[in-house]
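What follows is a short report on a single structure.
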Amino acid sequence: MLVKNKYFRVFEENDHDVFIVVDKSGYDIKDFNEDVLKKNPRITITNFLKLKDTLEVETGIPINIGILKPKIQVVLSSDKMEAKIKFNVNEAEFESMKSNLQTEILSALEYENVTYGILYDILKQELQFQKEMVIAKGVAPINGEDAKIKYVDLLEKKPVIREDGKVDYYEMNLIHKVNTNDWIGEKISATEGEAGRTVTNQILPPKAGKDNLLRYDTKTVKESLENGKIVLRALVDGAVTFEEGKIKVLNHLIINGDVDFDTGNINFNGYVTIKGIVSDGFSVKADKDISIEGTMGIGAIERLTSKDGDIFIKGGISGKGKAIIEAGKNVFVKYANDCTIFAKENINIGLYAMDTHLHAKNILVNSEKGKIIGGSLNAEAKIKVYTIGNISERRTVVNVKGFDRQAFKKELDDLLVLYKKHLIDLEKNKRQMKIYEMKLKTDDKSVQGHEYSAYIQVNDTLLAKIAKLEERRKRLIDFLESKGEGEINILRKAYPQTFIEIKNIQKRISKITSGTYYAMDNKLHFL
């Protein structure tokens, strides 16, 4: 019997259900909380309306009105990562339990299958019966870390101009030279992570880190396990580069002196570094970058050609109307005088160009002292220069072919859709490769080597396509960063006898001018 008075009897059955038998009507339900519930914290009424109706009628029949909570109640969080205990007893009952309290708490936890992460230090403290407290905590899984890949830092190909009042230096590290066995990259493999556990001792598996593949040319780069990391090292001497998503070492020819009668003309299938100069009448041809590091520059050479790379001339060019420079990408030169330069990307000039003929996507004069005097400038997208012409009004022709902005935007949008598709396909293929790699590690006889090789081939093909799309994406963005559909930016002044043309719209500068000309909607605009 839990409660008994002249109005009713409250008792429990099965150590769970609470019943009431009303012997006399007239009891006010408002008093039920003080007379019954506060003195018996284990009782929980499940239907107060039913209780109210029962108290109004003298029936003498047992009516179920609630449940009897355990003395020590274990409350589990929905994810079972935390368990709390609550004492459903009054103060007097709690005092009587103290001598055996720890044992009863552990029994209550065991009954609810709480066996992991029990906070035994809490049990040793002075417990309070009115307070709900955390008694067990699970351990969340620690997800694995993604694979970390690092390659040798190939600096952006950008010239550095320093001015000390006497000498102007135009420098850059165009070619990254390595020797056999030099470090060029590494990979820290993905980790599996650590499993977690709920307070009911259920194992929570972690999410494994994502793997990333080291992409390298196996003919010129090797991998080995060093101090727990996969390390890439050069197999040959040469120049490090990235091509089609892979790091590789290409042939690198170093001429420690000049190109002259001792060397003859140079024709090389890789990178070329010339510590001296190229003498008049000689030519240098290379598939990749050409770096001429002699401060004297070059003179009336026959031709300097990089099929697929950049050309850097630390000094300048005094071409005497003969020198021709051609680059599959960019040209970087301190100054250019009486020569012709072609670049499929940008021509970067440190100080000045005089009586030269320049042809590129963009023509950029980098120094604030930079000048273009005489000759012609022919760009596809943009020309940026501080000064054009001179006080004696030397005739200088500045032409920007221009482009169709809307067509380029559409091409960029279409490219990005294709780019995303290739990335999704690449990720799918990587997952298949990982499955095969795991089976190969376990010597699964169902795995055929040629099947795995097919996935490797697909991976390499997709990487090559993505690399080409990335190159085109950068080129399109470079165009679209120009104002309008072709731009000529004069940062300081353009003198009279400067002839400007953008998208066949012509203008002759009649007075000293500075600002930006650009074409849009078949009109020439000026800012």
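Overview of values
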quantity	calculated
Candidates Ile317, Ile383, filtered to the one that is closer than 27 Å to Ser514 by Cα and in a strand (DSSP E or B)	Ile383
Every pair of residues 6+ apart whose Cβ atoms lie under 6 Å, when the first sits in the stretch 251-264 and is surrounded by fewer than 19 Cβ atoms within 10 Å (Cβ to Cβ) while the second is among the charged types (D, E, K, R) and assigned to a loop (DSSP other than H, G, I, E, B)	Asn256/Lys275
Considering residues of the stretch 190-221 that are assigned to a strand (DSSP E or B) and under 28 Å from Asp460 (Cα atoms) only, the residue modelled with the lowest pLDDT	Tyr216
Single unsatisfied condition, Ser224 versus (1) assigned to a strand (DSSP E or B); (2) surrounded by fewer than 18 Cβ atoms within 10 Å (Cβ to Cβ); (3) touching a residue at least 24 places away in the same chain (Cβ under 8 Å)	(3)
Wholly enclosed strands (runs of 3 or more DSSP E) of the stretch 431-527 bearing at least 1 residues modelled with pLDDT of 90 or more, surrounded by 15 or more Cβ atoms within 10 Å (Cβ to Cβ) and of a type in the set (Phe, Trp, Tyr)	498-502, 513-520
Count of the stretch 84-95 residues which are polar (S, T, N, Q) and at pLDDT below 85	1
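Conditions tested, residue by residue: (1) of a type in the set (D, E, K, R); (2) in a loop (DSSP other than H, G, I, E, B); (3) surrounded by fewer than 24 Cβ atoms within 10 Å (Cβ to Cβ).
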| site | (1), (2), (3) |
| --- | --- |
| Met296 | no, yes, yes |
| Thr305 | no, no, yes |
| Gly309 | no, yes, no |
| Ile313 | no, no, no |
| Ile325 | no, no, no |
| Lys329 | yes, yes, yes |
| Phe342 | no, no, yes |
| Ala353 | no, no, no |
| Leu358 | no, no, no |
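The values are calculated or read from the model by the stated rules, or taken from the named source; none is laboratory data. What you see is a predicted model, and the numbers here were worked out from it, not measured in a lab. Cβ sites come from the backbone with ideal geometry, for glycine too, and all protein chains shown count toward neighbours.
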